[in-house]
Amino acid sequence: MFSAHPLFNTRLKPLLLLIVASTLYVCINDVQAKEITAVGSSVMSDNIEQSRDLAIRDALRQASLQVGGSIHSSQMLVDGLVTSDRVHLKTTGQFRHVRIMQEKISDGILEVKIRAEFSGDNQQMCPFNAGNGYRKAIAVAGFALQSPKEAVLGRLDNIEQRLSGVIANTINAKHRLHAMDSGHVLLFSSIDRAPSSQNNLQRLTNSVELAKELGAQFVVSGVIRDLAMINRDADIERSWDAPLDYLGLSREKRLRNFALDVYVHDGISGSLMFQNTYATQGIWDHGDFEKTGFATPMFWKTDFGQQVKKTISELTQDLNANLGCQPYMAKIIEARGDYIRVDTGGSVGMRPGDELTVFRTRTFYNLDNEGLVELNDTKVKATVTQVQPRFAIAKLNKTASRYAIQREDVVVAW
């Protein structure tokens, strides 16, 4: 018989919500949601939080198998000994609204009973990518205006800083990426050169500095290319307006353009990973001297504002699709003995017991004398022992000094 543990409601529910929001992304063809009940278990240890975490994960695996998931395993044998043993769970849906129903501890085993809503998704989301379990940290820099005079109409000049905040909030609402608003930072000294810096590899060294400052894996930036009116005088009255109205032919609408270039740079190497152009237009029915500002309630009420909102939603979906399946990486900020401190934490879904792989970073130079970052697998594993909001501590299975593991090296979850 299950019974509620007194610490469960106060301490485990926030943990569970974080796990559900950031560790299980799957998809199905059937879009109908249904409720699943499952039981998971783990061996009790001195760390009750870690034991609960493992039991919840086991319950989610059991729930996945109930809805058609499958387990794929592989082993590598050398001289009769197992040197590699991997198990992958492939499922076809997404769990939401997970609730803890009951819990019990018996003979050193912790069991939890969960109930979850299983719903469909239209897009495959990297079923074999373990790095999917973490929310990749993204710094969203300011968006420079190519033609500042185009923002005078409506006083949209605050768009350079404010657009990054709107994009960051939209990204965070999806719960797959963790975006930080850095609208006060403009990365491009010359808009005409964007997205490249001073070379033909389209690397942006100041994006690396921003990523290091904020602990971000990726840096999003861009240029607002067009805010111009298409037909500014469309609302001026003309003598033929009345006959046209009589025939049911209305005059032209007063339309305004919105065109945006978006760039994503890797926070470790500075290399360009993704770029795209987004463009739309909408009706701008405010007078030439009215001041709405960008992203204000008055702005969002306009047709133009609604078209801009749809465009921002489209670009954030692209960011989720392109960055969500990338391996999770974070820099090592300190190495002592067999412990390391990692520039990541609970905000991205890191939990005690998670296992990461350590990679050495090395800079080499190509024929154009451009510095490129290379990652080398040390085969050293790091198990997370402590998680804080902005950093985590992990124990290595081998001493850091033996493999020259140091600050600026990275940990990776595939």
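The values are calculated or read from the model by the stated rules, or taken from the named source; none is laboratory data. The shown structure was predicted, so the numbers you read here are calculated from the model rather than taken from an experiment. Using ideal geometry, Cβ is built from the backbone for each residue, glycine included, and neighbour counts are taken over all protein chains shown. Ligands, DNA and RNA are stripped out before the accessible areas are found, and what is left, the full protein with its side chains, is counted by its heavy atoms. Shrake-Rupley method; radii C 1.70, N 1.55, O 1.52, S 1.80 Å.
Sorting the Cα pairs of region 263-367 by distance into bins of 10 Å, from 0 upward, gives 10, 27, 23, 19, 14, 6, 1 percent per bin. Accessible surface comparison of Asp157, Asp46, probe 1.4 Å, protein chains only, largest first: the order is Asp46, Asp157.
Per atom type, region 285-414 shows carbon and sulfur on 49% of its accessible surface, probed at 1.4 Å.
Order of 138-144, 292-298 by packing, highest average Cβ count within 10 Å first?
Going by the mean number of other Cβ atoms within 10 Å, highest first, we get 138-144, 292-298.
Exceeding 30 Å between C-alpha atoms, which entries from my cross-link table qualify? They are Lys34/Lys395; Lys113/Lys174; Lys104/Lys136; Lys104/Lys398; Lys104/Lys174. Pairs exceeding 30 Å: Lys34/Lys395; Lys104/Lys136; Lys104/Lys398; Lys104/Lys174. Taking one quarter of the surface of the C-alpha convex hull of region 326-414 gives a mean projected area of 6.1 nm². Per residue, the accessible area of region 345-403 comes to 54 Å², computed with a 1.4 Å probe over protein heavy atoms only.
Cβ-Cβ distance of Asn369 and Lys149, R₀ of 51 Å, FRET efficiency by 1/(1 + (r/R0)^6): the value works out to about 0.80. The charge dipole of region 341-414, taken about the Cα centre with unit charges on the Cβ atoms of Lys, Arg (+1) and Asp, Glu (-1), comes to about 500 debye, rounded to the nearest 20.
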